[in-house]
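The values are calculated or read from the model by the stated rules, or taken from the named source; none is laboratory data. Bear in mind the structure is a predicted one, so any value in this text is a computation, not a measurement. Every residue, glycine among them, receives a Cβ derived from its backbone with ideal geometry; neighbour counts consider all protein chains shown. Ligands, DNA and RNA are excluded from the accessible area calculation, which covers all protein heavy atoms including side chains. Shrake-Rupley method; radii C 1.70, N 1.55, O 1.52, S 1.80 Å.
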Amino acid sequence: QVQLVESGGGLVQPGGSLRLSCAASGSIRSIVMGWYRQAPGKQRELVARISSLGSTVYYEDPVKGRFIISRDNAKNTVGLQMNSLKPEDTAVYYCNKYPPVDSYWGQGTQVTVSS
């Protein structure tokens, strides 16, 4: 079973950028991967997903045009470049398969957007 470890979160001012990384303990080359987030008091939601070879990406409307999902199958990593961050992007960010599998959830990485 693959374990996923997210990193790269932090505190950033509105309009700033962060790059998140998800490292997998095994091969994810055949897996559609996604980034998800959970804000305080809200359900976890999909942010973006990427096909197994990285040729197709999808973004939820709130992040479209600001976030970029990518992957490196040779390194078993998935990245999320977040630009023009807004306070409403504040959440714990997770990576997982798409659709998500309960046993794949990691600890996530906290992103806080605040002045």
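Based on what the data block shows, is Tyr59 farther than 15 Å from Thr109 by Cβ, among the aromatic types (Phe, Trp, Tyr) and open to solvent by 80 Å² or more (accessible area, probe 1.4 Å)?
Answer is no for this residue.
Please go through the stretch 64-108 and pick out each residue that is of a type in the set (A, V, I, L, M), in contact with a Ser or Thr (Cβ under 9 Å, 6 or more places away or on another chain) and open to solvent by 30 Å² or more (accessible area, probe 1.4 Å).
Correct list: Val92 only.
Applying the selection to the stretch 38-50, what residues are open to solvent by 20 Å² or more (accessible area, probe 1.4 Å), under 16 Å from Val101 (Cα atoms) and of a type outside the set (Asp, Glu)?
Listed by number, the residues that qualify are Gln38, Gln43, Arg44, Leu46, Arg49.
Looking at the structure I just gave you, is Ala48 touching a residue at least 12 places away in the same chain (Cβ under 8 Å) and more than 12 Å from the chain's Cα centre (by Cα)?
The answer is no for Ala48.
Condition first: assigned to a strand (DSSP E or B) and either farther than 18 Å from Thr90 by Cα or open to solvent by 30 Å² or more (accessible area, probe 1.4 Å) (or both). Now tell me which residues in the stretch 1-17 satisfy that.
Leu4, Val5, Ser7, Leu11 - these are the residues of the stretch 1-17 that are assigned to a strand (DSSP E or B) and either farther than 18 Å from Thr90 by Cα or open to solvent by 30 Å² or more (accessible area, probe 1.4 Å) (or both).
Of the residues Ser114, Ser70, which is of a type in the set (S, T, N, Q) and within 11 Å of the chain's Cα centre (by Cα)?
Ser70
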